[in-house]
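**Student:** What follows is a structure written as structure tokens; I'll ask about it next.
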Amino acid sequence: MAMASSVKVVLGSIAFAIFWVLAVFPAVPFLPVGRTAGSLLGAMLMVLFRVITPDQAYDAIDLPILGLLFGTMVVSVYLERADMFKYLGKLLAWKSKGAKDLICRICLISAISSALFTNDTSCVVLTEFVLKIARQHNLPPHPFLLALASSANIGSSATPIGNPQNLVIAVQSKISFGDFVIGILPAMLVGVLVNALLLLCMYWRLLSVQKDEEDPSGAAVAEEDVSSHRFSPATMSHFSSLNPQEWNSTLDSKNVMRSPNANGSTAHVETLRNRGNSADQNEIQRVPSGSIDSARNSNASKEATTDDHSHGKEEPVALKIIALTDSLQDVCSVQSSEEKENLPRRWKRRFWKFSVYFVTMGMLISLLMGLNMSWTAITAALALIVLDFQDARPCLEKVSYSLLIFFCGMFITVDGFNQSGIPCTLWDLMEPYAKINHVSGIAILAIVILGLSNLASNVPTVLLLGGRVAASAAAISASDEKKAWLMLAWVSTVAGNLSLLGSAANLIVCEQARRAPQLGYTLSFWKHLKFGVPSTLIVTAIGLTLFR
């Protein structure tokens, strides 16, 4: 494409520069409007400056990508409600063998969950859990937070639904879901393994320190606090009908009457309340009612057949027994009625969770079969909405519509910048040195993608370079074109690990950890950079050797 007129080049560059500044630094002092408004501002300026026409701006919006992004976000919301991420989180603490074992588990689980449910979602729901486990074992949190963020980025490269730039590549390249997975999965698995080894090597001594030698300033977390962890209401607002907190509030509302001297009754009611949080709830019903009635009859007989003056000292003991048995009976009747009421709801809840998992598996199988990815995701989302038999507004409100709007503005802005001819001219200068049929060409192309992904973010990089890299590779062979798309997906995704600002997943982990109640921890830019630079370079290079 030839360069446009000098006026269009200048104005298009200004509009793109404004978009870039607001996208990379959303809280700049002179215009703190955020990324979404920044993308819309860049799109509007492209039209106002007449770099592109309004019709061209509408045509630049890629609806299949937006549909796929919307569908996967809705499915992720329902998977959160079905406790999928709670189960993934508990796998981290199940029979853990120590700090090094925990690092490996975090790397594996965050990579798998990111490939299936996007890296941002996995980081949102797992960060606080990882922080709690680290605090419980009195371990430094930053190696575990780095493991979560870096492995989430690497794992998300394996599927088209793992991150936004993969969505763009899958739609534009028309590579099927199965071919995409088969092409990148070996690099992803090796990358996660190498990343875990780098974490162990870099923090081996830190992870080998005994508990009593660690930093005592960290907040202690009890083991039961970790095992009963619930994710933050912002992402996990829909709890089970048998939530332990709800059961406790039910007991409080019933408020069993106690005698002032019946301390044993108070302790036993608290024991029963704690048992309500476990699978042994039926233990409460094992108090034999016959024994209770027998105790009452015995006490009544004793009062009737003895003289008040001669047995006056035993009367408080009888009152204690009656108060205790009355309290036990009240608690047993409360739980019995609650269990009868909640039994149908429990089975309904289990059936609904099974339906969510079944629909999700059906979506993944359909994607592997090569069906249209956008409509498959939307169909799965609508199926979950219908099966829920509830007002869908609470779930739909969790969808990040600001992200969808950001994509719309970005599509228009990047298309306008392409119309100016600047990216095409720069690519023409670089193309002879970036042929993917030579090792040197692959290295130069990877360096360019790494740099642009950290300067301009990975999605704009894919939009700017994708078509040109693929066209250059297609001139060599059809297989090289597919290889070019997959290499672009791999490098642009792993590039997010280079610095704290390179990926939204990194920022999510940092912010979630900083805001965690009573467990707050700040992951600094330099701590991330110290690990991110060697990890990104080594993992990227090793992964590129596995593309054929």
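The values are calculated or read from the model by the stated rules, or taken from the named source; none is laboratory data. Small disclaimer: the values here were computed from a predicted structure and weren't measured. Note that we place each Cβ from the backbone using ideal geometry, even for glycine, and neighbour counts take in every protein chain shown. Surface areas here come from the heavy atoms of the whole protein model, side chains and all, with no ligands, DNA or RNA. Shrake-Rupley method; radii C 1.70, N 1.55, O 1.52, S 1.80 Å.
**Student:** Quick check on Leu501: is it assigned to a loop (DSSP other than H, G, I, E, B), open to solvent by 10 Å² or more (accessible area, probe 1.4 Å) and either out of contact with any strand residue (DSSP E or B) (no Cβ under 7 Å at 6 or more places or on another chain) or farther than 23 Å from Leu126 by Cα (or both)?
**Tutor:** Numbers: assigned to a loop (DSSP other than H, G, I, E, B): yes; open to solvent by 10 Å² or more (accessible area, probe 1.4 Å): yes; either out of contact with any strand residue (DSSP E or B) (no Cβ under 7 Å at 6 or more places or on another chain) or farther than 23 Å from Leu126 by Cα (or both): yes.
Yes.
**Student:** Which pairs do you get when a residue that is within 15 Å of Gly67 (Cβ to Cβ), found in the stretch 396-408, comes within reach of a residue that is open to solvent by 30 Å² or more (accessible area, probe 1.4 Å) and outside any helix (DSSP H, G or I), reach meaning Cβ atoms under 6 angstrom, with the pair 6+ apart or on two chains?
**Tutor:** Cys408/Ile61
**Student:** Could you check the stretch 367-426 and list, in sequence order, the residues that are of a type in the set (Asp, Glu) and under 30 Å from Lys348 (Cα atoms)?
**Tutor:** Applying the first criterion (of a type in the set (Asp, Glu)) to the stretch 367-426 yields 388, 391, 397, 415.
The answer is Asp388, Asp391, Glu397.
**Student:** Just one of Val28, Val9 is over 19 Å from Leu464 (Cβ atoms) and over 27 Å from the mean Cα position of the chain (by Cα); which is it?
**Tutor:** Working: Val9 fails: over 19 Å from Leu464 (Cβ atoms).
Exactly one residue qualifies, and that residue is Val28.
**Student:** Report whether or not Ser366 is within 30 Å of Leu452 (Cβ to Cβ) and either open to solvent by 20 Å² or more (accessible area, probe 1.4 Å) or of a type in the set (S, T, N, Q) (or both).
**Tutor:** No, not satisfied.
**Student:** Here's something else I'd like to know. Is there any pair with a first residue in the stretch 450-475 that is within 17 Å of Ser13 (Cβ to Cβ) and a second that is open to solvent by less than 20 Å² (accessible area, probe 1.4 Å) and among the β-branched types (Val, Ile, Thr) whose Cβ atoms are under 6 Å apart and which are 6 or more apart or on different chains, and what are they?
**Tutor:** Within 6 Å, the pairs are Leu452/Thr461; Pro460/Val414; Leu463/Val414.
**Student:** Just name the residue that is farthest from the chain's Cα centre (by Cα) out of those in the stretch 47-66 that are assigned to a loop (DSSP other than H, G, I, E, B) and under 24 Å from Ala170 (Cβ atoms). If you could, list the steps in order and put the result at the bottom.
**Tutor:** Here is the first cut: in the stretch 47-66, the residues assigned to a loop (DSSP other than H, G, I, E, B) are 49-53, 61-62.
Adding the requirement that they be under 24 Å from Ala170 (Cβ atoms) leaves 61-62.
Values: Ile61: 27, Asp62: 25 Å.
Ranking the qualifying residues of the stretch 47-66, first place goes to Ile61.
**Student:** Quick check on the stretch 536-545. Is at least one of its residues open to solvent by 10 Å² or more (accessible area, probe 1.4 Å) and not in a helix (DSSP H, G or I)? First the steps, then the outcome.
**Tutor:** First, the residues of the stretch 536-545 that are open to solvent by 10 Å² or more (accessible area, probe 1.4 Å): 537-538, 541-542, 544-545.
Filter again for not in a helix (DSSP H, G or I), leaving 545.
Yes, the stretch 536-545 has at least one match.
**Student:** Out of the helices (runs of 4 or more DSSP H) lying entirely within the stretch 387-445, which hold 1 or more residues that are in contact with a Cys (Cβ under 8 Å, 6 or more places away or on another chain) and farther than 30 Å from Tyr78 by Cα?
**Tutor:** Ranges flagged: 401-419.
**Student:** On to the next question. Can you name the residue in the stretch 440-449 that is open to solvent by less than 20 Å² (accessible area, probe 1.4 Å) and in contact (Cβ under 8 Å) with a residue 40 or more places away in the chain and is also farthest from the chain's Cα centre (by Cα) among such residues? Before you say what the answer is, go through the steps one by one.
**Tutor:** Going through the stretch 440-449, the residues open to solvent by less than 20 Å² (accessible area, probe 1.4 Å) turn out to be 441, 445-446, 449.
The next check asks that each one be in contact (Cβ under 8 Å) with a residue 40 or more places away in the chain; those that pass are 445-446, 449.
On the way: Leu445: 31, Ala446: 28, Ile449: 26 Å.
Within the stretch 440-449, the match that is farthest from the chain's Cα centre (by Cα) is Leu445.
**Student:** If you don't mind, another one. Taking only the stretch 12-25 into account, find how many residues are open to solvent by 70 Å² or more (accessible area, probe 1.4 Å) and within 27 Å of the chain's Cα centre (by Cα). Don't jump to the end; show me each part of the working.
**Tutor:** Here is the first cut: in the stretch 12-25, the ones open to solvent by 70 Å² or more (accessible area, probe 1.4 Å) are 14, 20, 25.
The next check asks that each one be within 27 Å of the chain's Cα centre (by Cα); those that pass are 20, 25.
Summing the residues that are open to solvent by 70 Å² or more (accessible area, probe 1.4 Å) and within 27 Å of the chain's Cα centre (by Cα) in the stretch 12-25 gives 2.
**Student:** Something else now. Taking the stretch 47-70, which residues are buried (at least 20 other Cβ atoms within 10 Å of the Cβ) and without any contact (Cβ under 8 Å) to a residue 40 or more places away in the chain?
**Tutor:** Residues satisfying the conditions do not exist here.
**Student:** Identify the residue in the stretch 14-33 that is of a type in the set (Gly, Ala, Ser) and closer than 15 Å to Leu455 by Cβ and, among all such residues, is modelled with the lowest pLDDT. Steps first, answer last, please.
**Tutor:** Keep residues of the stretch 14-33 that are of a type in the set (Gly, Ala, Ser), which gives 15, 17, 23, 27.
Filter once more, so that each one left must be closer than 15 Å to Leu455 by Cβ: 17, 23.
Working: Ala17: 91, Ala23: 77.
Here the answer is Ala23.
**Student:** For residues that are of a type outside the set (Ser, Thr, Tyr) and open to solvent by 80 Å² or more (accessible area, probe 1.4 Å), scanning just the stretch 416-436, find the one that is nearest to the chain's Cα centre (by Cα). Working first, answer last.
**Tutor:** Going residue by residue through the stretch 416-436, those that are of a type outside the set (Ser, Thr, Tyr) are 416-419, 421-424, 426-432, 434-436.
From the residues that got through so far, the ones that are open to solvent by 80 Å² or more (accessible area, probe 1.4 Å) too are 426, 428-429, 432.
On the way: Leu426: 37, Asp428: 40, Leu429: 40, Pro432: 41 Å.
If we take residues in the stretch 416-436 being of a type outside the set (Ser, Thr, Tyr) and open to solvent by 80 Å² or more (accessible area, probe 1.4 Å), then Leu426 is nearest to the chain's Cα centre (by Cα).
**Student:** All but one of (1) under 23 Å from Lys90 (Cα atoms); (2) surrounded by 24 or more Cβ atoms within 10 Å (Cβ to Cβ) hold for Phe180; state the number of the condition that does not hold.
**Tutor:** Evaluating Phe180 over (1) under 23 Å from Lys90 (Cα atoms); (2) surrounded by 24 or more Cβ atoms within 10 Å (Cβ to Cβ) leaves (1) as the failure.
**Student:** Please name all residue pairs, on different chains or six or more residues apart, with Cβ atoms under 6 Å, provided the first residue is in the stretch 413-427 and is of a type in the set (A, V, I, L, M, F, W, C) and the second residue is in a helix (DSSP H, G or I).
**Tutor:** Hits for this filter: Val414/Pro460; Val414/Leu463; Phe417/Gly12; Phe417/Phe16; Trp427/Arg468.
**Student:** Checking Met44 against (1) surrounded by 15 or more Cβ atoms within 10 Å (Cβ to Cβ); (2) of a type outside the set (Ser, Thr, Tyr); (3) farther than 30 Å from Ile385 by Cα; (4) within 24 Å of the chain's Cα centre (by Cα), only one condition comes out false. Which one?
**Tutor:** (4)
**Student:** Condition (residue is among the acidic types (Asp, Glu), under 17 Å from the mean Cα position of the chain (by Cα) and open to solvent by 10 Å² or more (accessible area, probe 1.4 Å)) applied to the stretch 91-109: is it met by at least one residue?
**Tutor:** Residues of the stretch 91-109 among the acidic types (Asp, Glu): 101.
Okay, now just the ones that are also under 17 Å from the mean Cα position of the chain (by Cα), so none.
Checking the stretch 91-109: not a single residue is among the acidic types (Asp, Glu), under 17 Å from the mean Cα position of the chain (by Cα) and open to solvent by 10 Å² or more (accessible area, probe 1.4 Å).
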